[in-house]
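Read the structure below first, then the notes.
Values in this text are rule-based calculations from the coordinates and carry no lab data. The model shown is predicted, which means the values in this text are computed figures rather than measured ones. A quick note on method: Cβ atoms are made from the backbone with ideal geometry, for glycine too, and the neighbour counts reach across all protein chains shown.
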Amino acid sequence: MTRRIMHIDLDAFFVSVEQVLKPELKGKPVVVGGRPDRRGVVASASYEARAFGLHAGMPLTTASRLCPQATFIEGNFAKYRNASQKFMSILADFSPYLEPRGLDEAYLDATGFESIHGSIHQMAVNIKSRIKDELGLCVSVGIASCKVVAKVACELSKPDGLLEVAAGDERSFLAPLPAAKLPGIGKKTERILKSLGITTIDELAVTPLREIKSHFGTSGEVLYRFANGVDDRKVEPPGVAKSISRETTFGKDTKDRSFLKATLRYLSERVGAMLRQQGKQSSCVTLKLRYSDFKTITRSHTLLQTTDTDQTIFDTGLKLLTKALSQGKQPIRLIGIGVSHLTESGRQLDMLDASARRQEQLNKAIDRIRHKYGFTAIQTGRTLILKDVFPKDKDGYTLQTPNLSR
Ligand code: TTP
Ligand code: MG
């Protein structure tokens, strides 16, 4: 049976949520991202604003120059998360084979669902109208036999679109489109392709695989397959996490070691708490650093024994941090810590060891108190200095995330 995959993406998501709350903004140029005189970029632009050349990622100052009459809105992430949850739960009513991608996008496997809705096209019409009726939002849907073609079809149909590519037409549907429309082709890849004389997807599709691989290595193979409309990736409902990580960007780049350590400690505690909440242990700790020139490094350490304690995560991260700081000279823009290679937590052999047992009891007590009174109800000495830097509420410090980006 040929697969029928849908790609579903809300139109001008952040802006549309604002327009539902303030209907007088409908049909007007609207930007979410911040005030026009602030440092920062456009997160979402209404289609009316796009007519003036505005797009996501454009500096707000440029946006206000191109379209001074636009309404600029700071935005409120909690509102968008709430709308996103409702959106995903409507989709989940249609198929259990649902793979959310970010806040406003999802793949849905609709193979075999014709009998319920009459046709897959009709199923998409039903999805669109439920989202419109219940959330007041417009969504675009692409339907095809694989993910990559469904995604391109969705993108092409926007706004308020619905485009189905019949089985067998994948290759000819993609062929005339610019190569940059293919997911995975960013600015850099596009430049290289141009220098090779490749501008359309068709030109990429007929280039010998050997040649593509000589420029892009093994990822060239994926490009080649996508260009030919071949993509056997499954729709994967979110399973259990394969890794857990927390990170934050700083308001100002820093080299201050005790501040970096304090932040690392706090992030380690958040990771540890989540790890224990999921009943998992980890045997690999990874530190992530982004320097002021945006160069990003990750350094990992494999533990001899699995762990779920904040202290071990922090100690390991700190060793990696100390080493990285002795090598990199630039100020740091972002720090993150994560654990991977997760296993179900069972009693470890060394639990016979009294100190490990004490540690486990301590973790349990801390988690209980935090569950009841909020994350910052218990703070280790090291993280106290963060109170002057990050805003805090009952649920912990509000970490700085870059603009409204994902
Ligand atoms: P997109 O789906 O890429 O954009 P969109 O929904 O605004 O517009 P459309 O799909 O109709 O082209 O991203 C979804 C939301 O994610 C977007 O509304 C705002 C947020 N976002 C950012 O915060 N930063 C970004 O750079 C991008 C691209 C999106
Ligand atoms: Mg969208």
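Brief remarks on what is shown
- For the range 319-329, backbone phi angles converted through the Karplus equation (6.51, -1.76, 1.60; θ = phi - 60°) give residue-by-residue couplings of 4, 5, 5, 4, 5, 5, 5, 6, 9, x, 9 Hz, Gly and Pro being listed as x.
- Panel order for SER172, SER157, by other beta carbons found within 10 Å of each beta carbon, from fewest to most: SER172, SER157.
- Relative packing of peptides 132-145, 190-203 - highest average C-beta neighbours within 10 Å first: 132-145, 190-203
- Distant-in-sequence amide H partners of ILE73 (H built 1.01 Å from N, under 5 Å): VAL31, VAL32, GLY33, GLY34
- Count Lys and Arg as plus one, Asp and Glu as minus one, and take only other residues whose Cβ is under 12 Å from that of ARG276; the net charge is then 0.
- Burial ranking of peptide ranges 4-15, 119-130 (average Cβ count within 10 Å, highest at the top): 4-15, 119-130
- Reducing the range 94-128 and the range 58-79 to their Cα centroids gives an inter-centroid distance of 33 Å.
- Summarising the strand pairing of the chain, around 90 percent of its internal DSSP beta bridges are antiparallel.
- Vicinal HN-Hα couplings computed from phi for the range 273-283 (Karplus, 6.51 cos²θ - 1.76 cosθ + 1.60; Hz; Gly/Pro x): 4, 5, 4, 5, 4, 8, x, 10, 10, 10, 10
- Using alpha carbons only, the radius of gyration of the chain set against its Kirkwood radius gives Rg/Rh = 1.00.
- Coordinate range of the alpha-carbon atoms in the range 235-365 per principal axis, descending: 46, 44, 25 Å.
- Partner lysines for LYS280 [C-alpha distance under 24 Å; skip if fewer than 8 residues away on the same chain]: LYS242, LYS288, LYS319, LYS364, LYS372
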